[in-house]
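Novice: Sharing a structure here in structure tokens format.
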Amino acid sequence: MTTQKSCFNYRYILLVLCMFFILPTTTLASSLTLSGPEAVIKEGYFTVSVRANDMSELNRVTIEVASDSNFTESTRQFPALGDFKDISLTGFSNGTYYLRARAEDTDGQSYVSNTVEVTVKHYPLWQALTLFFIGLVIFITLVATLLLLHRQWIHSKQHKHHD
Amino acid sequence: MLISELAFEWLISLALVMTCAAPVLLVGLFIKDFISKTIW
Amino acid sequence: MTEFALETSTGITIIILFGVFWVAFGYWLGRKNRTHEDFALAGRNVGFAFAAATAMATWVTSNTTLVAPQLTYQFGIWGMIGYSFAALGLILFAPMAKRIKELLPNGYTSGDFVRLRYGNLAWLVFIIISVVYAFGWLISLGMAGGILLESLSGLDYHIGMTTILVICVGYTLFGGMRAVIATDFIQALIIIVGVSFIAYWLIDNVGLESIHSNLTSEHPKLLDLLFPAAVMFLFNNIFFGLGEIFHSNVWWSRALSFKKGVAYKAYLTGGLLWLPIPIVTGFIALAAPQLGIFPPSPDMIGPTVAAAVLGKVGAVIVFIVIFSALASSLDSLLAATSDLVTQDIFHKKLKPKASDKTLMRFNRSCILGLGIMTWLLCLPRIATLGALLNFAGAFVASTIWPIVLGLYQRRLTGSYAACAMAFGTLFGMLGYFVIGFYVAALVSCAVSGLICLVGIMRSNKQFDWNQLDEGEQIHADK
């Protein structure tokens, strides 16, 4: 089972290496489209999808994420699962991110998609904490009410037994 | 503020141990009920 | 070409084996059922072991195995801790269950209580809330079943969904509450063993340390204890869970079916047993980035990781665990909802003189009818119907205060309770659409609480608890 896992990672490492060294020279940007969220992301997660215009099948779909539009700074690779064309990405901090997709067709010809810009801006912390404390107050009130009323009942029951 | 590695390890390990204890407890209770004929 | 974690034939074999087993088991348990009380409430004599297991297993819905990893994948550490706080619903219901069992020694449903305690208007509002919630849940379970079986084994959505419904309706029909509770016990064991195995395997092979360091460098937000969105909906989630448990007949009928003195400790134990499970299932999602797994949609993350790391074995385990989780909730919901319809609508409103035999027959047809309706609603596979459950939070959270106060407080009257539930729901929905999903249950609970407070301050009536016990009246009817 362990070998299975390392194979899994190894394959993607190979894929990533391929993309860095060979693929950029033979790309046709026109036939691969990446679409992402339009609005500002407030929760740090979003889903992007890759569509191919004139290809029946896509292999090795990978999303590249970078913090600049030239994809020179801190580029990260996210491989798609199996032959799915949608990828859910998560855990992004505040900032603007640039995304593009890479894929191969059945002949091994590789493609790069358009670049999508995604802005992540989390809710302000004061807003989150306000809601948190409102919730906390209602919750404490509820628990206290329930436990007090329950105790009163238990006491009155014992009282009746003593009479 | 990130959760520290130690807290993370404890959280997951504790949850896993508690989860594993559950079936033991449930089967134990069942045997007790079964012996004292109080299942239903 | 789509690769599935499991061959379709393997998937079908597992389903058929389990299906035959559950139905036969249900039939075997059902032989004991003599009266409607036997059928609907397992003779009101369920022992501690089954009681604790059924409380836990029913709360382990498909959501615990799917949504807990999803929330963890999206919100990180708070996603799983927040989800595990739903155990508070079970824990807080424990004292109430004791009270319910003593107040309504002959009661059948939560609707019974609301009608006797608050009268017809509040009863009507309550039934609408219950039905909306029950159908939302039933449909989401049915659809989740079909979609999951399809994504794991390539089994056609309609076949998968139909099979799950047929199996659950089948054994509930034969065995009634006894079958529901006994199957819950076994399903609980399967679920726990399955998820623990997967989590243990991940810890052993990937390591907690490397998962933590990978997340710290690549997805630090997931380890952030001050993740705004996650902090924001924490209590909303809790109120949703409380509302679900406090109002739903699924939990009331269980409290009523337990042996005397068992209800309190059973719910408490069930809650404590449930508490760590979302953390374990959620943890599975945290390992995903380290393994290079990025799913097509976040709700697929749990099964995907398990199937990816464990291969065939993992896929089989996931398949069985999810199948069990779906079944343990679906059967409870079918049984509890048909009890509600049989008792509250048929027996109390339409045919007060119905004999025990008629009631049992009607209850059975109700289970079948609900199954068919759920099946019809699941047929089109409209994802938006499943999303119904998202704003169900506004509905159920409005019942929290009226139920708690109704059980213990003599001054709250029916009209205020009806208002609290109606306006709570209304404002909760408003909050959902105007502000966001993360306030629906919170607003609903707050508004209904305020109305209840006004109701208690302004009322000078004292409810007589003896009005709740209809025991003799039922016997006179026979």
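Novice: Looking only at the range B:1-24, count every residue that is touching a helix residue (DSSP H, G or I) at 6+ places or on another chain (Cβ under 7 Å), open to solvent by 50 Å² or more (accessible area, probe 1.4 Å) and of a type in the set (A, V, I, L, M, F, W, C) and tell me the total.
Specialist: Qualifying residue count, the range B:1-24: 2.
Novice: Something else about it: Going by the structure shown, is residue C:246 within 24 Å of residue A:127 (Cα to Cα), open to solvent by less than 10 Å² (accessible area, probe 1.4 Å) and either in contact with a Phe, Trp or Tyr (Cβ under 9 Å, 6 or more places away or on another chain) or not hydroxyl-bearing (Ser, Thr, Tyr) (or both)?
Specialist: On the way: within 24 Å of residue A:127 (Cα to Cα): no; open to solvent by less than 10 Å² (accessible area, probe 1.4 Å): yes; either in contact with a Phe, Trp or Tyr (Cβ under 9 Å, 6 or more places away or on another chain) or not hydroxyl-bearing (Ser, Thr, Tyr) (or both): yes.
Spelling it out, it is not the case that residue C:246 is within 24 Å of residue A:127 (Cα to Cα), open to solvent by less than 10 Å² (accessible area, probe 1.4 Å) and either in contact with a Phe, Trp or Tyr (Cβ under 9 Å, 6 or more places away or on another chain) or not hydroxyl-bearing (Ser, Thr, Tyr) (or both).
Novice: Run residue C:226 past the list (1) within 14 Å of chain A (Cβ to nearest Cβ); (2) part of a helix (DSSP H, G or I) and report the number of the one that doesn't hold.
Specialist: Checking residue C:226 against (1) within 14 Å of chain A (Cβ to nearest Cβ); (2) part of a helix (DSSP H, G or I), the one that fails is (2).
Novice: Is one or more of the residues making up the range C:159-174 of a type in the set (Ser, Thr, Tyr), under 30 Å from residue B:27 (Cβ atoms), within 14 Å of chain A (Cβ to nearest Cβ) and surrounded by fewer than 24 Cβ atoms within 10 Å (Cβ to Cβ)? Quick ask: steps written out before the conclusion?
Specialist: We begin by selecting, within the range C:159-174, every residue of a type in the set (Ser, Thr, Tyr); these are C:162-163, C:171-172.
Those still in the list that are under 30 Å from residue B:27 (Cβ atoms) too: C:163, C:171-172.
Among the residues that remain, those that are also within 14 Å of chain A (Cβ to nearest Cβ) are: none.
No, there is no match, as no residue in the range C:159-174 is of a type in the set (Ser, Thr, Tyr), under 30 Å from residue B:27 (Cβ atoms), within 14 Å of chain A (Cβ to nearest Cβ) and surrounded by fewer than 24 Cβ atoms within 10 Å (Cβ to Cβ).
Novice: Hey, another quick one. Any chance you could count how many residues in the range C:1-43 are outside any helix (DSSP H, G or I) and crowded, with 19+ Cβ neighbours inside 10 Å? It would help to see each step written out before you state the result.
Specialist: Taking the range C:1-43 and keeping what is outside any helix (DSSP H, G or I), we get C:1-7, C:31-35.
Checking the rest, the ones that are also crowded, with 19+ Cβ neighbours inside 10 Å come to C:5-6, C:33.
Here the count works out to 3.
Novice: Also: I'm checking my understanding of the structure. Among residues of the range A:120-163 that are modelled with pLDDT under 95 and hydroxyl-bearing (Ser, Thr, Tyr), which one is least open to solvent (accessible area, probe 1.4 Å)?
Specialist: A:123
Novice: Next question. Of the residues C:336, C:308, which single one is open to solvent by less than 20 Å² (accessible area, probe 1.4 Å) and either farther than 30 Å from residue C:220 by Cα or assigned to a helix (DSSP H, G or I) (or both)? Before you say what the answer is, go through the steps one by one.
Specialist: Values: C:308 fails: open to solvent by less than 20 Å² (accessible area, probe 1.4 Å).
After applying the criteria, what remains is C:336.
Here's the yes/no breakdown for (1) farther than 12 Å from residue C:48 by Cα; (2) more than 7 Å from chain C (Cβ to nearest Cβ):
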| residue | (1), (2) |
| --- | --- |
| B:1 | yes, no |
| B:5 | yes, no |
| B:10 | yes, yes |
| B:13 | yes, yes |
| B:20 | yes, no |
| B:23 | yes, no |
| B:35 | yes, yes |
| B:38 | no, no |
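Novice: Let me ask something else about it. Are any residues in the range A:106-118 β-branched (Val, Ile, Thr) and surrounded by 13 or more Cβ atoms within 10 Å (Cβ to Cβ), and if so, which ones? Can you show your working first?
Specialist: The first filter runs over the range A:106-118 and keeps only residues β-branched (Val, Ile, Thr), leaving A:106, A:112, A:115-116, A:118.
Hits for the range A:106-118 are A:112, A:115, A:116, A:118.
Novice: Now a separate question. Can you name the residue in the range C:357-409 that is modelled with pLDDT of 90 or more and not in a helix (DSSP H, G or I) and is also most open to solvent (accessible area, probe 1.4 Å) among such residues?
Specialist: C:409
Here's the yes/no breakdown for (1) modelled with pLDDT of 95 or more; (2) in contact with a helix residue (DSSP H, G or I) (Cβ under 7 Å, 6 or more places away or on another chain); (3) among the aliphatic types (A, V, I, L, M):
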site	(1), (2), (3)
C:84	no, yes, no
C:91	yes, yes, yes
C:102	no, no, no
C:112	no, yes, no
C:116	no, yes, yes
C:119	no, yes, no
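Novice: Related question: Can you report the number of residues in the range C:273-294 which are under 30 Å from residue C:95 (Cβ atoms) and at the interface with another protein chain (Cβ under 8 Å from one of its Cβ atoms)?
Specialist: 6
Novice: Return the residues of the range A:47-92 that are open to solvent by 70 Å² or more (accessible area, probe 1.4 Å) and of a type outside the set (Lys, Arg); say none if nothing qualifies.
Specialist: Result: A:53, A:54, A:56, A:57, A:70, A:72, A:73, A:74, A:84.
Novice: Can you confirm whether residue C:454 is over 16 Å from residue C:129 (Cα atoms) and open to solvent by 50 Å² or more (accessible area, probe 1.4 Å)? Reasoning before the result, please.
Specialist: Working: over 16 Å from residue C:129 (Cα atoms): yes; open to solvent by 50 Å² or more (accessible area, probe 1.4 Å): yes.
Yes; evaluated as a whole, the condition is true for this residue.
Novice: Return a yes/no flag: does the range A:92-104 have any residue that is at pLDDT below 85 and either of a type in the set (S, T, N, Q) or over 13 Å from the mean Cα position of the chain (by Cα) (or both). Break it down stepwise before answering.
Specialist: Let us first name the residues in the range A:92-104 that are at pLDDT below 85, namely A:104.
Filter once more, so that each one left must be either of a type in the set (S, T, N, Q) or over 13 Å from the mean Cα position of the chain (by Cα) (or both): A:104.
Yes, the range A:92-104 contains a residue that is at pLDDT below 85 and either of a type in the set (S, T, N, Q) or over 13 Å from the mean Cα position of the chain (by Cα) (or both).
Novice: Out of A:38, A:43, A:64, report the one residue that is at pLDDT 90 or above and not in a helix (DSSP H, G or I). Talk me through it step by step, then tell me what you get.
Specialist: Numbers: A:38 fails: at pLDDT 90 or above; A:43 fails: at pLDDT 90 or above.
When all the criteria are applied, what remains is A:64.
For (1) among the hydrophobic types (A, V, I, L, M, F, W, C); (2) within 30 Å of residue C:283 (Cα to Cα); (3) in contact with a helix residue (DSSP H, G or I) (Cβ under 7 Å, 6 or more places away or on another chain), each residue gets a yes or a no:
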| residue | (1), (2), (3) |
| --- | --- |
| C:16 | yes, no, no |
| C:25 | yes, no, yes |
| C:28 | yes, no, no |
| C:37 | no, no, yes |
| C:77 | yes, yes, yes |
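Novice: If you scan the range C:44-59, which residues turn out to be within 13 Å of chain B (Cβ to nearest Cβ) and either surrounded by 24 or more Cβ atoms within 10 Å (Cβ to Cβ) or touching a Phe, Trp or Tyr at 6+ places or on another chain (Cβ under 6 Å) (or both)?
Specialist: So the first thing to find is which residues in the range C:44-59 are within 13 Å of chain B (Cβ to nearest Cβ), and the list is C:44-57, C:59.
Of everything in the range C:44-59, those that are within 13 Å of chain B (Cβ to nearest Cβ) and either surrounded by 24 or more Cβ atoms within 10 Å (Cβ to Cβ) or touching a Phe, Trp or Tyr at 6+ places or on another chain (Cβ under 6 Å) (or both) turn out to be C:45, C:46, C:49, C:50, C:51, C:52, C:53, C:54, C:55, C:56, C:57, C:59.
The values are calculated or read from the model by the stated rules, or taken from the named source; none is laboratory data. Because the structure is predicted, anything quoted here is derived from the model rather than measured. Counting neighbours? That spans all protein chains shown, and the Cβs are built from the backbone with ideal geometry, glycine included. Heads up: the accessible areas ignore ligands, DNA and RNA and are worked out on the full protein's heavy atoms, side chains in. Shrake-Rupley method; radii C 1.70, N 1.55, O 1.52, S 1.80 Å.
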